[in-house]
Amino acid sequence: MAISIQEDRDGQALESLSDNIDAVNVLKDQLKKERSMLEASKFDAEKDKTQFRQYEEACDRVKNFYREQHEKQTVAYNLKARNDFQFKTRAEMTIWEAMEKLNTLIDESDPDTSLSQIEHLLQSAEAIRRDGKPRWMQLTGLIHDLGKLLFFYGAEGQWDVVGDTFPVGCAFDKHIIYHDTFQNNPDHDHEIYGTKNGIYTSGCGLDNVMLSWGHDEYLYHVVKDQSTLPNEALAMIRYHSFYSWHSGGAYMRFMNEHDHKMLDAVKAFNPYDLYSKSDDIPSAEALKV
C-alpha cells in the first residue's frame, strides 16, 4: 500500500520545530551567561558612592517631606491603610501603562535625582541587564517602584507613598534619617509603641513586622499575590527603601533565618536602585520597541 505524505504540512511542522529548538538554544545560551544575583555589581565600579544619599545637604523639599512622613506614619494610620488595601481596586493596567502613568511623578524624598519615575525604572533595569544578572532580577528592577501609583489613587500626599521605610509599633531607631523629626509622632512616647520591641518579639520575622505604608509595601502585596517572582524579588521590592535595616544594621533583632537570606538579596539589588541614578537617561520609546 502506498503511503501519502503531506509534504507541505510536514515541511511546515519541521520548520516550526527547528525554530523552536533555535529559540530554546538561545535561551540556554543566555542562561549560561547570566551572572549570579549575589555577584558584586560592575556598572558602578568607578562611581563615587559618597555622592549619594547626602541628606544633610539636601534641599528643603526633602527635609520637609521627611518631617511630615515621620510625624504622620503611625500604627493607627498603617492599620487603616492596610484595611483600605484589602477592599479597594484602584486600577487595572499593563506594566508599561503603569510606568507611563508614573512619568509625571517627581519623588520629593529623593536627594539624588529629579528624573521622572519611568526614567529611574529604566535606569535600574538597564544596569541590571548590562551586568548580566538573572532575567527575573531585571524585571524586578523595572517594576520595583510601580507602587508609587498610590499617589494617583487616594494617597494623602507623598508622605504615605515614597521615602525610606521603617517599622511602626516599636521605637524609631536612630539609624533612620532625620531621626529627630519623630518627636511629634503620636507613637513616639507611647507606652508600648515607644519601647524597643514594642508590639513585636525578638526573632519574630520581618514578615510579622508592620513597615511604614507606602509604595514598597503596597507593590509587595500586589506582586506576592499576582506573580511567580521568587522570594528574593519580593524581598527586593518590599525592603529596598528600608535603609536603616539593609544599610544601617538596625532592627536585626526581629529577623529570622529566612530574613538573613533575603538581606543578601536586598543588598545585591540596592546598587542598581541607588547608583544607577547618575547614569545616562535611557530612551523609553526605543526600549518600548
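The values are calculated or read from the model by the stated rules, or taken from the named source; none is laboratory data. All values reported here derive from a predicted model rather than from experimental measurement. Every residue, glycine among them, receives a Cβ derived from its backbone with ideal geometry; neighbour counts consider all protein chains shown.
Data for the structure
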{"quantity": "Residue count, the range 240-275 (criterion: modelled with pLDDT of 95 or more, of a type in the set (Phe, Trp, Tyr), under 16 Å from the mean Cα position of the chain (by Cα) and part of a helix (DSSP H, G or I))", "calculated": "3"}
{"quantity": "Qualifying residues in the range 193-219 (those that are surrounded by fewer than 21 Cβ atoms within 10 Å (Cβ to Cβ) and in a helix (DSSP H, G or I)) - the one nearest to the chain's Cα centre (by Cα)", "calculated": "207"}
{"quantity": "Residue count, the range 230-246 (criterion: free of Cβ contacts under 8 Å to residues at least 40 places away in the same chain and of a type in the set (Gly, Ala, Ser))", "calculated": "1"}
{"quantity": "Residue within the range 134-155 that is crowded, with 20+ Cβ neighbours inside 10 Å, among the acidic types (Asp, Glu) and part of a loop (DSSP other than H, G, I, E, B) present", "calculated": "yes"}
{"quantity": "Qualifying residues in the range 228-239 (those that are buried (at least 16 other Cβ atoms within 10 Å of the Cβ) and part of a helix (DSSP H, G or I)) - the one farthest from the chain's Cα centre (by Cα)", "calculated": "232"}
{"quantity": "Of all residues making up the range 212-256, the number that are more than 26 Å from residue 91 (Cα to Cα) and of a type in the set (S, T, N, Q)", "calculated": "3"}
{"quantity": "Conditions (1) more than 20 Å from residue 250 (Cβ to Cβ); (2) in contact (Cβ under 8 Å) with a residue 60 or more places away in the chain: number failed by residue 78", "calculated": "(1)"}
{"quantity": "Positions within the range 80-101 being within 26 Å of residue 169 (Cβ to Cβ) and part of a helix (DSSP H, G or I), in sequence order", "calculated": "80, 81, 82, 83, 84, 85, 86, 87"}
